[in-house]
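Colleague: Supplied in structure tokens, the structure appears directly below.
What follows draws every value from the coordinates through simple rules; no lab data is involved. Because the structure is predicted, anything quoted here is derived from the model rather than measured. Methodologically, a virtual Cβ is constructed for each residue, glycine included, from the backbone with ideal geometry; neighbour enumeration extends over all protein chains shown.
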Amino acid sequence: MNLVSGIKYNLRGLGMGFKTPKLLMLGLIRFFTVILITILSSGIAVIFLAWDNPDLTPARQLVPFKERFRSLRGSLLFHLGFGILFLIPVLNILFLSFAPVGATLYQIDKNKN
């Protein structure tokens, strides 16, 4: 076996995939499912990473967890936007360092309204 035969078998497999649409569709469904799970899990991780910072002030004020979690559910898009910068490699160290300051400013503005 060499490189050319490997390519040949790969192309034969592709040809068989086109002959059997059900098998091809199963592969596509699996492909898109993996992408969807990756995006969703990253989004959920970002939301909870972001929630850790704005939750500092209410936790210190002994606000019950149920109320703090309700606040998170009401502002999911804010937390997604607040935490999306945490996914940038190397810069996330800088963003995570100053996130409690930004979160405290958010809580001050939120309490004014």
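Colleague: Once the piece of chain linking ILE35 and PHE65 is laid out straight, how much longer is it, given 0.36 nm per residue of separation minus the C-alpha distance between them?
Modeller: Between ILE35 and PHE65, full extension yields an extra 7.5 nm.
Colleague: Label the chain by shape, choosing from rounded, prolate and oblate, from the square roots a ≥ b ≥ c of the eigenvalues of the Cα gyration tensor; if a/c is under 1.5 it is rounded, and otherwise prolate applies when a/b is larger than b/c, oblate when it is not.
Modeller: prolate
Colleague: Relative contact order, percent, of the chain when contacts are C-alpha pairs under 8 Å separated by at least 6 residues?
Modeller: Relative contact order comes out at 26 percent.
Colleague: Which aspartates and glutamates have a Cα less than 13 Å from the Cα of LYS66, not counting those fewer than 8 places away in the same chain?
Modeller: Within reach: ASP55.
Colleague: Tilt of helix 65-74 relative to the longest C-alpha principal axis of the chain, in degrees (0 to 90, nearest 10)?
Modeller: Approximately 60 degrees, to the nearest ten.
Colleague: With the crude spin-label approximation of a point 7 Å out along Cα→Cβ, what separation in nm comes out for SER97 versus LEU14?
Modeller: 4.8
Colleague: With each pseudo-label sitting 7 Å past Cα toward Cβ, what's the LEU26-ASP52 distance in nm, one decimal?
Modeller: 4.1
Colleague: Considering only GLY43, GLY74, GLY83, give the residue with the highest GNM mean-square fluctuation for the chain, with springs between Cα atoms whenever their separation is below 10 Å.
Modeller: Result: GLY74 has the largest fluctuation of those listed.
Colleague: On to the next question. Using a Förster radius of 25 Å, what is the FRET efficiency between ASN111 and ILE84 based on their Cβ-Cβ separation? Nearest 0.05, please.
Modeller: In this case the efficiency is close to 0.55.
Colleague: Helix 3-19: angle to the longest alpha-carbon principal axis of the chain, degrees 0 to 90, nearest 10?
Modeller: It works out to around 80 degrees.
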